Amino acid sequence: MTTQHTELQYLPSDLQRELLPQHVAVIMDGNGRWAKRQGLPRIMGHKRGVDALKDLLHCCKDWGIKALTAYAFSTENWKRPQEEVEFLMSLFQRVLRQELREMVEENVQIQFVGNLQALPTALQEEISRSMAETKDNRSIRFTIATNYGGRQEILQACQAIAQKVQQGILKPDEISEELFESHLYTAGITDPDLLIRTSGEMRLSNFLLWQMAYGEIYITDTLWPDFDRKEFHRALCAYQQRERRFGKV
């Protein structure tokens, strides 16, 4: 356990527990730039990024936040150099295999969302095993968006609903927000209260387009591998200063 982890193991006194977000989502941007600044290969940035994500998961659990969703690999990320994509796939598989026992012991529920059928078979097997072995865990829900795209998610939901209408199973006037949400990858997962994006980029990048309708967004210039508990503390302080009116006065 790092010194900072020890110092911030418990909820800081300037945060109000009742005002904490119940679900935090993160766009983990800046791994490659971090590595470049360190004079290292891009893959080292991804490795360091895994450590930052693991510590954030522990922090959410320590501080009583019930859900964390991480944007691990987008549908657009296939356009990256083949060597980098292959490394990321093997990294996901290796981390899942190495960390599963600890996730089970810490009562973490693991869930993956996205078009998982397009992933390498070996990775799909690790994903299935991790979800099956943690499905009854309740301390925190950890969702990893892999081969995920918000537009594609909405399109596939529309197609599934349209097929039911065509088959006479469903009438158009029976389509509601609740029914639509039940056809998304994230069915059964509460919408994020707070989305954090690192590296200063101010866009959603096709992430949780439906789910972020009323979520708060926090942007930091910090690159993802440097995003630690102190940075998370700053994000939560900013979140607690906001008024969430949901259209009300």
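The values are calculated or read from the model by the stated rules, or taken from the named source; none is laboratory data. Everything quoted here is computed from the prediction, not taken from an experiment. All Cβ positions, glycine included, derive from the backbone under ideal geometry; neighbour counts span all protein chains shown. For the accessible areas, the whole protein counts, side chains as well, though only heavy atoms, and no ligand, DNA or RNA atoms are used. Shrake-Rupley method; radii C 1.70, N 1.55, O 1.52, S 1.80 Å.
Based on this model, can you work out whether residue 216 counts as of a type outside the set (Lys, Arg) and more than 30 Å from residue 37 (Cβ to Cβ)?
No, not satisfied.
Could you say which residue among 181, 201 is within 25 Å of residue 30 (Cα to Cα), surrounded by 13 or more Cβ atoms within 10 Å (Cβ to Cβ) and over 16 Å from the mean Cα position of the chain (by Cα)? Spell out how you get there, then give the answer.
On the way: 181 fails: within 25 Å of residue 30 (Cα to Cα).
After ruling out the rest, the residue left standing is 201.
Within segment 56-109, restricting attention to residues that are farther than 11 Å from residue 139 by Cα, out of contact with any Pro (no Cβ under 9 Å at 6 or more places or on another chain) and among the β-branched types (Val, Ile, Thr), which residue is least open to solvent (accessible area, probe 1.4 Å)?
Filtering first and then ranking leaves 85.
Among the residues of segment 157-190, which ones are part of a loop (DSSP other than H, G, I, E, B) and of a type in the set (Gly, Ala, Ser)?
168, 176, 182, 187, 188, listed by residue number.
Being out of contact with any Phe, Trp or Tyr (no Cβ under 9 Å at 6 or more places or on another chain) and either free of Cβ contacts under 8 Å to residues at least 60 places away in the same chain or open to solvent by 20 Å² or more (accessible area, probe 1.4 Å) (or both) is the requirement here; does residue 216 meet it?
On the way: out of contact with any Phe, Trp or Tyr (no Cβ under 9 Å at 6 or more places or on another chain): no; either free of Cβ contacts under 8 Å to residues at least 60 places away in the same chain or open to solvent by 20 Å² or more (accessible area, probe 1.4 Å) (or both): yes.
No: the conditions fail for residue 216.
With the checklist (1) touching a strand residue (DSSP E or B) at 6+ places or on another chain (Cβ under 6 Å); (2) within 21 Å of residue 65 (Cβ to Cβ); (3) touching a residue at least 60 places away in the same chain (Cβ under 8 Å); (4) open to solvent by less than 50 Å² (accessible area, probe 1.4 Å) in hand, flag the one item residue 137 doesn't pass.
Residue 137 satisfies every listed condition except (3).
Using the structure shown, decide if residue 107 is among the polar types (S, T, N, Q) and touching a Ser or Thr at 6+ places or on another chain (Cβ under 8 Å). Give the steps one after another, and end with the answer.
On the way: among the polar types (S, T, N, Q): yes; touching a Ser or Thr at 6+ places or on another chain (Cβ under 8 Å): yes.
So residue 107 fits the description; yes.
Only one residue in 157, 162 is open to solvent by less than 70 Å² (accessible area, probe 1.4 Å) and more than 24 Å from residue 67 (Cα to Cα), so which one is that?
162
Tally up the residues in segment 184-198 that are of a type in the set (D, E, K, R) and either free of Cβ contacts under 8 Å to residues at least 60 places away in the same chain or surrounded by fewer than 16 Cβ atoms within 10 Å (Cβ to Cβ) (or both), please.
0
Given (1) touching an Asp or Glu at 6+ places or on another chain (Cβ under 6 Å); (2) farther than 30 Å from residue 13 by Cα, identify the lone condition not met by residue 29.
It fails just one condition, (2).
How about segment 219-232: which of its residues are open to solvent by 40 Å² or more (accessible area, probe 1.4 Å) and touching a residue at least 40 places away in the same chain (Cβ under 8 Å)?
226, 228, 230, listed by residue number.
Output the residue which, of all residues in segment 110-134 that are in contact with an Asp or Glu (Cβ under 9 Å, 6 or more places away or on another chain) and closer than 24 Å to residue 154 by Cβ, is most open to solvent (accessible area, probe 1.4 Å).
115
Residue pairs, Cβ under 7 Å, 6 or more apart or interchain, first in segment 148-177 and touching a residue at least 60 places away in the same chain (Cβ under 8 Å) and closer than 30 Å to residue 28 by Cβ, second among the aliphatic types (A, V, I, L, M) and in a loop (DSSP other than H, G, I, E, B). List them.
150/208; 150/209
Report whether or not residue 211 is over 26 Å from residue 38 (Cα atoms) and either among the acidic types (Asp, Glu) or open to solvent by 20 Å² or more (accessible area, probe 1.4 Å) (or both). Can you show your working first?
Working: over 26 Å from residue 38 (Cα atoms): yes; either among the acidic types (Asp, Glu) or open to solvent by 20 Å² or more (accessible area, probe 1.4 Å) (or both): no.
So residue 211 does not fit the description; no.
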